[in-house]
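Working notes, structure below.
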Amino acid sequence: MDVIIRSDYEQMSLYTANRIAELVRKKPDCVLGLATGGTPIGTYRELIRKHREEGLCFSKVRTFNLDEYLGIGFNPEQPYSADQSYARFMHEELFRHIDILPENTRVPDGLSDNPEEFCKHYEKAIREAGGIDLQLLGIGGDGHWAFNEPGSSLASRTRIETLTRQTLDDNYELFYRAAGFLREDMPHFAITMGIGTILEAKSILMIANGKKKANVVRQAIEGPVTSQITASAIQLYAGKATVVLDEEAASELKNIDHYRHCEKVIAS
Ligand code: F6R
């Protein structure tokens, strides 16, 4: 696993967007696994800038998002409704600003009338696309990847998961409060790719910023592999994994000097 440390959120986002852009240029029909949340917003803004100013082309790119709340969804024909779906988030923060084809973007369907069946179908769609070339991941305050909450099997597949109180609190503050929702109105369930699904991606980019993430990042990459911190599954990953952090999120790492040394040696 490579650990890349950048001075701040902007630099972390720039590095991450550069890595994604590099793949899109090399393989224009690549399959990207995408995340929502506060962390990737800077990365998406930089990708949008690259599209507008450098002609980065997404017309053949296909995407699969990690997760979606169960019971809500986004209808592009009613773009101004107040739903807080991850499908809306992706539309607002990335898809509508670039030349990606809507039919090439997949977010789990929170409104499916048969969610269990949908989960199987999602796995199949990922396989039929040839698998995910690069999976972008954040890390939750409770150490989750996607919505794989503590106790999720590290071999889990796409399924319905019950959200922890901490996740509901974190996401309420970020998204729901501003939209005028009450905490008790938030969905308690989500469809999520499993840890086993994520570990099949051909490469992984995990990003985190801010002091609030420092402890959980340390546990995930330097602590024991445990289903209590599902992001610790990165230590089991056999492909190319890169963790991109700002200084604050990296501040509790024991091996920080080694990570910096590795980056210097590899660059030279
Ligand atoms: C979202 C997702 C989540 C977030 C995590 C961190 O699709 O998969 O696991 O990556 O909750 O969220 P932020 O970035 O808001 O701190």
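Pick from the stretch 157-177 the residues that are in a loop (DSSP other than H, G, I, E, B) and touching a Phe, Trp or Tyr at 6+ places or on another chain (Cβ under 8 Å): which of them is farthest from Asp67 (Cα to Cα)?
Ranking the qualifying residues of the stretch 157-177, first place goes to Leu163.
Please determine whether any residue of the stretch 97-119 is acidic (Asp, Glu), touching a residue at least 40 places away in the same chain (Cβ under 8 Å) and in a loop (DSSP other than H, G, I, E, B).
Among the residues of the stretch 97-119, at least one is acidic (Asp, Glu), touching a residue at least 40 places away in the same chain (Cβ under 8 Å) and in a loop (DSSP other than H, G, I, E, B), which makes the answer yes.
Tell me, yes or no, whether the stretch 89-109 has at least one residue that is touching a Phe, Trp or Tyr at 6+ places or on another chain (Cβ under 9 Å), modelled with pLDDT under 95 and aromatic (Phe, Trp, Tyr).
Within the stretch 89-109, one or more residues are touching a Phe, Trp or Tyr at 6+ places or on another chain (Cβ under 9 Å), modelled with pLDDT under 95 and aromatic (Phe, Trp, Tyr).
Which ones in the stretch 124-143 are surrounded by fewer than 18 Cβ atoms within 10 Å (Cβ to Cβ) and either outside any loop (DSSP other than H, G, I, E, B) or of a type in the set (Asp, Glu) (or both)?
Lys124, Ala125, Arg127, Glu128
Do we find a residue being more than 16 Å from the ligand (Cβ to nearest atom) and either aromatic (Phe, Trp, Tyr) or more than 21 Å from Gly138 (Cβ to Cβ) (or both) anywhere in the stretch 28-46?
yes
Quick one: is Leu56 touching a Lys or Arg at 6+ places or on another chain (Cβ under 7 Å) and of a type outside the set (Lys, Arg)?
yes
Output the qualifying pairs, or none if there are none: Cβ atoms under 9 angstrom, residues six or more apart or on different chains, first residue in the stretch 161-177 and touching a residue at least 24 places away in the same chain (Cβ under 8 Å), second residue part of a helix (DSSP H, G or I) and surrounded by 18 or more Cβ atoms within 10 Å (Cβ to Cβ).
Leu163/Asn171; Phe175/Phe89
Just checking, how many residues over the stretch 207-236 are under 13 Å from Lys254 (Cβ atoms), of a type in the set (Gly, Ala, Ser) and over 18 Å from the mean Cα position of the chain (by Cα)?
1
Scan the stretch 155-172 for residues that are surrounded by 18 or more Cβ atoms within 10 Å (Cβ to Cβ) and at pLDDT 95 or above and jot them down.
Ser156, Thr158, Arg159, Glu161 - these are the residues of the stretch 155-172 that are surrounded by 18 or more Cβ atoms within 10 Å (Cβ to Cβ) and at pLDDT 95 or above.
For the stretch 130-166, name all the residues that are within 26 Å of Leu47 (Cβ to Cβ) and within 12 Å of the ligand (Cβ to nearest atom).
Gln135, Leu136, Leu137, Gly138, Ile139, Gly140, Gly141, His144, Trp145, Ala146, Phe147, Asn148
Restricting attention to the stretch 219-236, report how many residues are surrounded by fewer than 20 Cβ atoms within 10 Å (Cβ to Cβ) and within 16 Å of the ligand (Cβ to nearest atom).
Summing the residues that are surrounded by fewer than 20 Cβ atoms within 10 Å (Cβ to Cβ) and within 16 Å of the ligand (Cβ to nearest atom) in the stretch 219-236 gives 3.
Cβ-Cβ distance below 8 Å, separation of 6 or more or different chains: which pairs start in the stretch 203-217 with a residue that is at pLDDT below 95 and surrounded by 24 or more Cβ atoms within 10 Å (Cβ to Cβ) and end on one that is among the hydroxyl-bearing types (Ser, Thr, Tyr) and part of a strand (DSSP E or B)?
Every condition considered, no pair remains.
Looking only at the stretch 25-65, which residues are over 14 Å from Met90 (Cα atoms) and either among the aromatic types (Phe, Trp, Tyr) or within 15 Å of the chain's Cα centre (by Cα) (or both)?
Val31, Phe58
The values are calculated or read from the model by the stated rules, or taken from the named source; none is laboratory data. All values reported here derive from a predicted model rather than from experimental measurement. Glycine gets a Cβ as well: all are built from the backbone with ideal geometry, and neighbour counts include every protein chain shown.
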